[in-house]
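Following: one structure in structure tokens, then a few remarks.
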Amino acid sequence: MRDVPRLIAAFFLTISLAAQTPATPQRPPDAPVIHAGTQLIIVDVVVQDRDGHPIHGLKREDLILTEDKNPQDIRNFEEHSMLAPTPPGPAMKMPPGTFTNYTPTPPGGTLNVLLLDALNTPMADQAYVRYQLQQYVKNADPGTRIAIFGLNTRLTILQGFSSDPETLKDAVEHKLLPRSSSLLDDPTGSGVDNSITGQMTEAFGASSVSASLAQFEAQTQAFQIQLRQQYTLDAFNVLAHYLSAFPGRKNLIWFSGSFPLNILPDATLADPFAVVASAEDEYRDTTNLLARAQVAVYPIDARGLKTDPTFSATQSGRGMTAQSFAAKSAKFYQSQAEEHMTMEAMASDTGGHAFYNTNGLAQAVAKAIESGSNYYTLTYTPSNRKWNGGYRTIRVTLTGEYANRDLKLAYRQGYYADDPNQPKDATKSAAITEASAAASHSASSYIQASMARGAPTPQDILFKVRVLPNSTTTEDTLAPGNVAAPNNPIKPPFRHFLIDYAALAASFTLLPQLDGSYKGGIEFSAYLYDPDGKLLNATGKTIGLNFTADQYKQFQQAARQGSGVAAHLDISAPLKQESYLRIAIHDLPTNRIGAVEIPLASVNHLPPPPPSTPTPAPPTTTPTATH
């Protein structure tokens, strides 16, 4: 719920009824589930002629929509075209030191995201993508709103949504710098085989390479691919959550060198199935999130028109036999086919389009944005109300005069019938202790990724936060409840900062229990990072909510009236080191999160709050963190 005026005006609701216990609320098996409303399925449909030009003027009766071959009643029908969006209104005026994770966007138009995937793309191909994007932004249509993200082992926002050509040019020129990926066999894109097997083949001939060595290297490569799969799906997960806060369709233009979701058995190995991996469950969850957020993926092969490297001059003199030459060439074509199949699947599952075997990447971006900005939105309530997790196929066809006009339709082909209103089991974050500041294995990847330095600021929960220095003096010890990262020690003097939260009570969920009570939990956390994204310090607390039935009714009534939830944290930052503060609220029953990132340089100069301003005492509960 993006009710910012109510958020800003909300008064603090003191949670005196809450027990200060971070126990994670669990739903009993037979507890009732109360749904907020009827589930609607949104389907964006792109209709084009054979030359790729958009078709305008269709009416509701010109389209037939079925789910699992059963006709569905189209409840809402809207046409969207590539028009200049309404200019954004004036920015919200916030008091000094006060911030919010709410990002205003003007109504109308379509949002576009450019994702440069350095994790799966060699540096040489990244440089070519950068050059092509420089050409695109020079000629981009005025008013096209674009955000730019980068992906290595984590997702980073390089430029927020902007339609200003100069801002976009500057971002492409100075922020899209090629980065090396340690998980690629050829991170620079030289085309030279630097594997152990390749080096031994070059030095001693193919006959000296043992089957066990080839097996070992294949399994190592498979593990690297699995890591890339996980990092990539985590990034799409974070993007889907972030983009779900914005209304309308979003076009995600993904420049990638490779991303095979499944690895087929390798018949050249002693154990062909040792390299088989599957990310099917993660892929399912991610595509569902993208579909609900109205995100269409347009994968673009960053390598352009690629030729078989086996015939490259760099491979001469490597002692390959005719058999090994043929096997290597076949493996290249198999790998390329798998990667393109993955791109096609991601595009098909989200209503986008895949571009490969083309060097015109700038033209591909223009086509993706034009295609994704001219579409029809259909909504329907499924006639099958059983949310059993099964896959349901969506089909949209044209009827009447348009049925025989050889038109092309692009839309998401289906969805998994998981109940989006069903609260998931909360994943409680582990505390950062003095012994370890490692990432919590029990925390969800989404929560971890959302707390990383430079990541998109999720808006699942909208909130405002005030950050001010505690005093004008420095201190030699950390604030109470702070835990410094042991692998990146910070030294005094420290500056002590006060963090005060405010969020709408309606943003949080309480689950019914068998004894008639209602339980929930809210985690407040603050992480301090250096400019390179290394954790310096952390603090936090978890408030357990345990209400009787009567108290829960009072809580609901207060929430409907716009009451808020308040919390306070204290954190220390090294005075002589540049640092960034990542502040978050996490609703434990639903794993929804809101976060904002603040450079401390923006508040260092502010005066402390006046003495008359009451400040809650520092937290006495164990600090919690998800990093």
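Here are some notes:
- Qualifying residue in the stretch 518-540 (condition: over 21 Å from GLN448 (Cα atoms), part of a strand (DSSP E or B) and not assigned by TED's automatic domain parsing to the domain that holds TYR242): yes
- Any hit, the stretch 124-137, residues being under 24 Å from the mean Cα position of the chain (by Cα), on the phi < 0 side of the Ramachandran plot, at pLDDT 90 or above and of a type in the set (Ser, Thr, Tyr): no
- Note on the stretch 364-385: residues that are of a type outside the set (Lys, Arg), assigned to a helix (DSSP H, G or I) and in contact with a strand residue (DSSP E or B) (Cβ under 9 Å, 6 or more places away or on another chain) total 8.
- Qualifying residue in the stretch 467-477 (condition: touching a His at 6+ places or on another chain (Cβ under 9 Å), buried (at least 17 other Cβ atoms within 10 Å of the Cβ) and at pLDDT 85 or above): yes
- Condition met for MET346 (crowded, with 18+ Cβ neighbours inside 10 Å, modelled with pLDDT under 65 and not assigned by TED's automatic domain parsing to the domain that holds SER450): no
- Selection from the stretch 524-546 of residues that are surrounded by fewer than 24 Cβ atoms within 10 Å (Cβ to Cβ) and within 25 Å of VAL565 (Cα to Cα): LYS541, ILE543, GLY544, ASN546
- Breaking point among (1) surrounded by fewer than 24 Cβ atoms within 10 Å (Cβ to Cβ); (2) farther than 27 Å from GLN448 by Cβ, for LEU133: (1)
- The stretch 289-343, subset of a type in the set (S, T, N, Q), under 34 Å from the mean Cα position of the chain (by Cα) and crowded, with 18+ Cβ neighbours inside 10 Å, residue modelled with the highest pLDDT: GLN294
- Scanning the stretch 551-577 for residues that are touching a helix residue (DSSP H, G or I) at 6+ places or on another chain (Cβ under 7 Å), at negative phi and not in a helix (DSSP H, G or I) gives SER563, GLY564, VAL565, ALA573.
- Sole residue being under 24 Å from GLY372 (Cβ atoms), modelled with pLDDT of 55 or more and outside any helix (DSSP H, G or I), chosen from ASN237, ASN251: ASN251
- Any hit, the stretch 139-153, residues being charged (D, E, K, R) and either more than 22 Å from VAL297 (Cα to Cα) or loosely packed, with under 15 Cβ neighbours inside 10 Å (or both): yes
- Condition met for ALA84 (assigned by TED's automatic domain parsing to the domain that holds VAL465 and either over 30 Å from LEU511 (Cβ atoms) or at pLDDT below 90 (or both)): no
The values are calculated or read from the model by the stated rules, or taken from the named source; none is laboratory data. These numbers were taken from a predicted model, which means no experiment stands behind them. Counting neighbours? That spans all protein chains shown, and the Cβs are built from the backbone with ideal geometry, glycine included.
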